[in-house]
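Here the structure is laid out as structure tokens; the discussion comes afterwards.
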Amino acid sequence: AVTNANAAGFHLREQSPAAQGNAFAGATAGAENNSYAYFNVAGLTRQKGTQVNVGGTYIIPRAEAHDIVDENGVRNQDVNNIVHAAIAPNATISHQLNDDVTLGLAMNVPFGMITKYDGEWVGSDHGITSKVTTVTTTPMIAYKATDKLSIGAGLPIQYIKARLSNSVVGTPYDATLEGDTLDVGYQLGAMYEFNEDTRLGINYRSEINHKLKGDISSNAPSMLSFLNQDITARLDTPAMLSIGGYHRINDKWEVMAEYQRVFWSSFDRLDITASNGSFINTTYENWRDTNFYALGASYKVDNQWTARFGLAYDEAAVKLADRTPRIPDSNRIWYSFGLGYQYTENLTFDMSFTYIDAKDAVVNTAGTQNSGTLPNVYAEYSNSVKMWGLSLNYKF
């Protein structure tokens, strides 16, 4: 379950094809099916009986590096494809214990990325392969405190695996760092229903502090033996605060809005330490907190079909002064469309398509905190993403 970074940093919002149809506008208040519990666990109180939702998003990215110049001012060959298509799956099961309490269990891949360059490219000292995989299992409970207010909590149990490779500076050799770990965070949510047509949701997902254990290996000769040993590394996934609103205008039209703050500033540096406690290396990231804004609408065509539309703006987590070839992040605009199909009373299908238009990104390693130890490289990036989502929801 690996995909490229198609949102700010390496956060993956693609946890519900239904919500994706609205560009995740109102996802914190929508609660159309139990997949929305990723965005707000309190919405589970709206899911009656026992329900199963299974889906996935096929992500087709494009990232090209061009106008590449090395520290000597020499123009180098373009890199046409540093990311590859992948699937981000999701699944949720919920069960209503009684009129007030609903339990849930979800599987998601909320963070992931992969960028891969040719080992001979001029920026190989800064990175060749960068791959982060997460799988998160979240047991959840939601409680209807009053007729209008629901609250909920979840316990995200997150497995993360990372693989980073680059050239060994000043040598023709490569080094690869690999590690993994399993850690736990928490999720809190609330939903207030002003009436049957209007509701507001808020959700908080905590930061998860990961301490990866693994090894660093290299094809370098034995005189560089420090490149072959067990290591530990800290990698924190960020906290997220989301607020969403939903309003049904009439029997045909619904509108929704979403705001999310992602606290990427927790990812300020990547420290690598040997298993004996000795220091190996620090990479300064200096990421910043980001904002995500979305507006959406849904139109009920008839008793079976619903059309969804959405537009969103997603800020980059990396400023120009700190951008590296591993994640050439930039601001982006989302254009989304979706269809919901009520096949039977119990079975529903949701389909969605999103096009993400990313602003051209520039990477210039000169002058960054990491520039003192690595050769400088300049590159310009053209990025975009296409995403197809499909899910089914069955009520028992």
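The values are calculated or read from the model by the stated rules, or taken from the named source; none is laboratory data. Only a predicted model underlies this, so the values are computations on that prediction, with no experimental measurement involved. Don't worry about glycine lacking a Cβ; one is built from the backbone with ideal geometry, like all the others, and counts go over all protein chains shown. Surface areas here come from the heavy atoms of the whole protein model, side chains and all, with no ligands, DNA or RNA. Shrake-Rupley method; radii C 1.70, N 1.55, O 1.52, S 1.80 Å.
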11 Å beta-carbon shell around S352, net charge (K/R +1, D/E -1): -1
Positive-end extreme of charge dipole, the chain - chosen from T50, I82, N383 (charges on Cβ): T50
Overall Cα dimensions of segment 194-332 - principal axes, largest extent first, Å: 73, 32, 27
Selection from T181, A145, P156 lying farthest towards where the dipole of segment 138-214 points positive, charges on Cβ: T181
Candidate lysines for bridging to K213, where Cα separation is under 18 Å - those fewer than 8 sequence places away on the same chain excluded: K131, K161
For segment 175-328: relative contact order, % (alpha-carbon pairs under 8 angstrom, 6 or more apart): 17 percent
Over segment 253-396, volume per residue of the alpha carbon convex hull, in Å³: 151 Å³
√(5λ) per eigenvalue of the Cα gyration tensor, segment 39-168, largest first, Å: 46, 13, 12
For the chain: relative contact order, % (alpha-carbon pairs under 8 angstrom, 6 or more apart): 20 percent
Net charge of Cβ neighbours under 10 Å - reference N34; Lys, Arg +1; Asp, Glu -1: +1
Portion, in percent, of the accessible area of segment 4-140 that falls on carbon or sulfur, probe 1.4 Å: 52 percent
Per principal axis, descending, Cα span of segment 160-220 in whole Å: 67, 20, 13
Using alpha carbons only: equivalent-ellipsoid semi-axes of the chain, gyration tensor based, whole Å: 41, 23, 17
Diffusion coefficient, µm² s⁻¹, Stokes-Einstein with Kirkwood Rh over alpha-carbon pairs of segment 301-355 at 10 °C and 1.306 mPa s: 114 µm²/s
Environment charge of Y335, counting only residues whose C-beta is closer than 13 Å and scoring Lys/Arg +1, Asp/Glu -1: +1
Debye, to nearest 20: dipole size of the chain, +1 on Lys, Arg Cβ, -1 on Asp, Glu Cβ: 620 debye
For segment 1-118, size of Cβ-based charge dipole, Lys and Arg +1, Asp and Glu -1, in debye: 400 debye
Segment 219-361 - accessible surface per residue (Å², probe 1.4 Å): 48 Å²
Ordering of 28-34, 76-82 by burial proxy (mean other Cβ atoms within 10 Å per residue, highest first): 28-34, 76-82
About the Cα centre, charge dipole magnitude for segment 286-358 (Lys/Arg +1, Asp/Glu -1 at Cβ), debye: 220 debye
Sulfur and carbon atoms: percent of accessible area, segment 163-212 [1.4 Å]: 53 percent
